[in-house]
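For reference, the structure discussed in these notes is given below.
The values are calculated or read from the model by the stated rules, or taken from the named source; none is laboratory data. Please read all numbers here as calculations on a predicted model, not as lab measurements. Cβ coordinates were reconstructed from backbone atoms using ideal geometry, including for glycine residues, and neighbour counts include every protein chain displayed.
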Amino acid sequence: MAVYAIGDLHLSFQVNKPMDVFGKKWTDYEKSIQQSWSEQVSDNDVVIIPGDFSWATYLNQAISDFSFINQLPGRKIILKGNHDYWWETVSKMNHFLDENNFHNIEFLFNNSIELDDCVICGTKGYSFDETDEKMINREIERFKISLKSIKNKEKDIIAVFHFPPMHSDIYMNLIEEHMIKKVIYGHIHGEKTKEMRDDDVFNLVSADFLYFNVRKIY
């Protein structure tokens, strides 16, 4: 089993939000994702999507977006991003998955997901310029809840965020304290990606940064 990641898919099969307004590289990007994903990922692998999965406002507007990834190989784990307006309670989203027979998709929210050799935890996080202390503290607590939910402490930990966690001393201290092996994040696009940390531990996986290829991270 391998773990892959790709974030910020911004799918819009049912809503009019074409991504090519952000540049020619986004033209038919869905086909590039589909090709890369199909060539690299097997049914036994896992693909993490750390936020901004769909432009839909409501779940019923995201059926085609979910169908797109459902038919691709592997087990998919989705975290909430700042543009995932369709996000509902976990019970409603799980009902949506069952109702539409999307049986290889699950959500990372106030929980952790144990795999064969590793365990996945995480939260959306917050942006560099966020000033809402209530929201910041809520996201920090959600990360702590996710960490506390891990049952097998011997397994390697993969932490998933939507926003980059490096600006937060609290996140960084928790990452160090729990000896987290891999950190995945997205949200950042264009020229700003040059300022971001992308190395053996911290992995920026925004789709356009990866040229719409899934990245093997574990």
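Of note:
- Qualifying residue in region 113-121 (condition: in contact with a Gly (Cβ under 8 Å, 6 or more places away or on another chain), surrounded by 13 or more Cβ atoms within 10 Å (Cβ to Cβ) and not polar (S, T, N, Q)): no
- Only listed residue being more than 12 Å from the chain's Cα centre (by Cα), closer than 25 Å to ASP43 by Cβ and either in a loop (DSSP other than H, G, I, E, B) or small (Gly, Ala, Ser) (or both), chosen from PHE96, PHE66, PHE102: PHE102
- Restricting LYS216, LYS181 to those that are in contact with a strand residue (DSSP E or B) (Cβ under 6 Å, 6 or more places away or on another chain), modelled with pLDDT under 95 and within 24 Å of TRP37 (Cα to Cα) reduces the list to LYS181.
- When residues of region 38-63 are limited to those that are over 17 Å from the mean Cα position of the chain (by Cα) and of a type in the set (Ser, Thr, Tyr), the one farthest from SER12 (Cα to Cα): SER42
- Subset of region 3-30 [in a loop (DSSP other than H, G, I, E, B), hydroxyl-bearing (Ser, Thr, Tyr) and either in contact with a helix residue (DSSP H, G or I) (Cβ under 6 Å, 6 or more places away or on another chain) or under 18 Å from ASN213 (Cα atoms) (or both)]: THR27
Residue-by-condition table, conditions (1) over 21 Å from HIS189 (Cβ atoms); (2) touching a residue at least 60 places away in the same chain (Cβ under 8 Å); (3) of a type in the set (A, V, I, L, M, F, W, C):
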site: ASP28; (1), (2), (3): no, no, no
site: SER36; (1), (2), (3): no, yes, no
site: ASN70; (1), (2), (3): yes, no, no
site: LYS76; (1), (2), (3): yes, no, no
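- For region 48-63, a residue qualifies if it is among the hydrophobic types (A, V, I, L, M, F, W, C), out of contact with any helix residue (DSSP H, G or I) (no Cβ under 8 Å at 6 or more places or on another chain) and either assigned to a helix (DSSP H, G or I) or within 18 Å of ASN101 (Cβ to Cβ) (or both), and the qualifying residues are ALA62, ILE63.
- Residue satisfying all of: in region 177-195; of a type in the set (A, V, I, L, M, F, W, C), crowded, with 16+ Cβ neighbours inside 10 Å and outside any strand (DSSP E or B); nearest to the chain's Cα centre (by Cα) among these: ILE188
- Annotation: ASN137 fulfils all but one of (1) modelled with pLDDT of 95 or more; (2) within 30 Å of THR27 (Cα to Cα); (3) in a helix (DSSP H, G or I); (4) not aliphatic (A, V, I, L, M); the unmet one is (2).
- Long-range neighbours under 9 Å by Cβ, at least six apart or interchain, first residue at negative phi and of a type in the set (Lys, Arg) within region 158-186, second surrounded by fewer than 23 Cβ atoms within 10 Å (Cβ to Cβ) and in a loop (DSSP other than H, G, I, E, B): LYS181/VAL201; LYS181/TYR218; LYS182/ASP200; LYS182/VAL201; LYS182/ILE217; LYS182/TYR218
Conditions (1) over 25 Å from ASN70 (Cα atoms); (2) of a type outside the set (Phe, Trp, Tyr); (3) surrounded by fewer than 16 Cβ atoms within 10 Å (Cβ to Cβ), marked per residue:
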| residue | (1), (2), (3) |
| --- | --- |
| GLU106 | no, yes, no |
| GLU130 | yes, yes, yes |
| PHE143 | yes, no, no |
| SER149 | yes, yes, yes |
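- For region 105-127, filtered to residues that are touching a residue at least 40 places away in the same chain (Cβ under 8 Å) and in contact with a Lys or Arg (Cβ under 6 Å, 6 or more places away or on another chain), the residue that is farthest from ILE157 (Cα to Cα) is LYS124.
- Scanning region 72-93 for residues that are outside any loop (DSSP other than H, G, I, E, B) and aliphatic (A, V, I, L, M), we see that the one that is surrounded by the fewest Cβ atoms within 10 Å (Cβ to Cβ) is VAL90.
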